[in-house]
Amino acid sequence: ILYNRTIVQIGLSAFRCGLFKECFDISKEIANYGRLKNLLGQSFNSKATEKQIRKEKLRYVPYHLHIDYDLVDFSHMVCAMLLEIPNISRNELYVKRNIISKPFRKLIDSADNALFNGPPEQSRDYVIYASRALYHGEWKKAIDYLFAATKVWKLIPGAERVRDLLVEEIKEVAFKVLMFKNSKSYESYSITDLGNLFDLDEAAVHRLSLIH
């Protein structure tokens with residue numbers, strides 16, 4: 001439990017520093033496991049035998065030391081979005097291959113297959129809506145959806161700085177999505193126009209163009 005809690009805290013620290021890929025890599029084993037509360041010592045199986053419950057309660061962490069699991073899930077899913085959306089755009093013909101985050105893909109597929117999707121309410125809902133907007137190049141709308149999850153942002157120290165780092169990352173991801181989806185349709189493009197479209201300076205556009 002102490003190991004799991006340490007790993008989660010390191011992942012959250014990476015998120016606050018704008019190291020989104022590192023945050024994903026650090027937290028993916030625990031965040032994807034499906035039993036986050038138990039792994040952090042913040043819950044126990046009430047359906048277990050009395051002996052097992054007593055044993056689990058010995059490992060139970062006091063409430064004032066609890067790590068908000070919604071924050072852990074939100075930060076992990078945002079990082080998965082930043083990695084998976086360009087990946088999906090690059091591999092549209094082989095969308096079922098080269099999967100980076102299976103839980104994120106399942107989340108998106110489940111939302112796409114739903115008969116009705118209401119307005120976002122939980123933190124995962126905001127990530128889903130932001131992912132759809134980002135996939136279609138609407139990076140400003142994606143940012144608005146993520147920042148609308150106010151409950152989570154209140155738990156992040158220095159949230160304003162984290163928002164600024166996330167905005168820059170989302171703009172670059174939106175640029176990558178455009179390149180992957182449309183680069184074959186154009187012989188050339190204007191660095192100035194792309195910079196204006198994604199609010200990036202010419203140096204950033206040139207750097208991203210060389211990489212992708």
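The values are calculated or read from the model by the stated rules, or taken from the named source; none is laboratory data. Computed from a prediction, not measured in an experiment: that's the story for all the values here. In this analysis, Cβ positions are derived from the backbone assuming ideal geometry, glycine residues included, and neighbour counts consider all displayed protein chains. Just the protein is used for accessible areas: all its heavy atoms, side chains included, with ligands, DNA and RNA removed. Shrake-Rupley method; radii C 1.70, N 1.55, O 1.52, S 1.80 Å.
The residue among VAL152, PHE24, ILE53 whose Cα reaches farthest toward the positive pole of the charge dipole of the chain, with charges on the beta-carbon of Lys, Arg, Asp and Glu, is ILE53.
Rounded to the nearest Hz, the phi-derived 3J(HN,Hα) couplings of region 106-114 under the Karplus curve 6.51 cos²θ - 1.76 cosθ + 1.60 (θ = phi - 60°) are 5, 4, 5, 4, 4, 5, 5, 8, 5, where x marks glycine and proline.
Between ASP25 and LYS140, the distance separating the two model label sites (each 7 Å from Cα on the Cα→Cβ line) works out to 3.5 nm. Using 0.36 nm per residue and subtracting the Cα-Cα separation, the extra length available between HIS206 and SER13 on full extension is 66.5 nm. Averaged per residue, the chain has 60 square angstrom of accessible surface, using a 1.4 angstrom probe with ligands and nucleic acids left out. Diffusion of region 144-210 by Stokes-Einstein, at 25 °C in a medium of 0.890 mPa s and with Rh set to the Kirkwood radius over alpha-carbon pairs, works out to 181 µm²/s. Over all pairs of different C-alpha atoms, region 90-212 has a mean inverse distance whose reciprocal, the Kirkwood radius, equals 16.1 Å.
Helix 159-182 sits at what angle to the longest principal axis of the chain, using alpha carbons and giving 0 to 90 degrees rounded to 10? Between helix and principal axis, roughly 50 degrees. Convex hull volume of the C-alpha atoms in the chain, normalised per residue: 145 Å³.
For region 110-169, the set of trypsin sites (Lys or Arg not before Pro) satisfying both a DSSP loop assignment and a count of at most 16 other C-beta atoms within 10 Å is given as LYS154.
Compared with the dominant Cα axis of the chain, that is its longest principal axis, helix 202-211 is turned about 80°. Equivalent-ellipsoid semi-axes for region 74-139 (Cα gyration tensor, √(5λ), whole Å, largest first): 18, 13, 12.
Using C-alpha pairs below 8 Å separated by at least 6 residues, the relative contact order for the chain is 18 percent.
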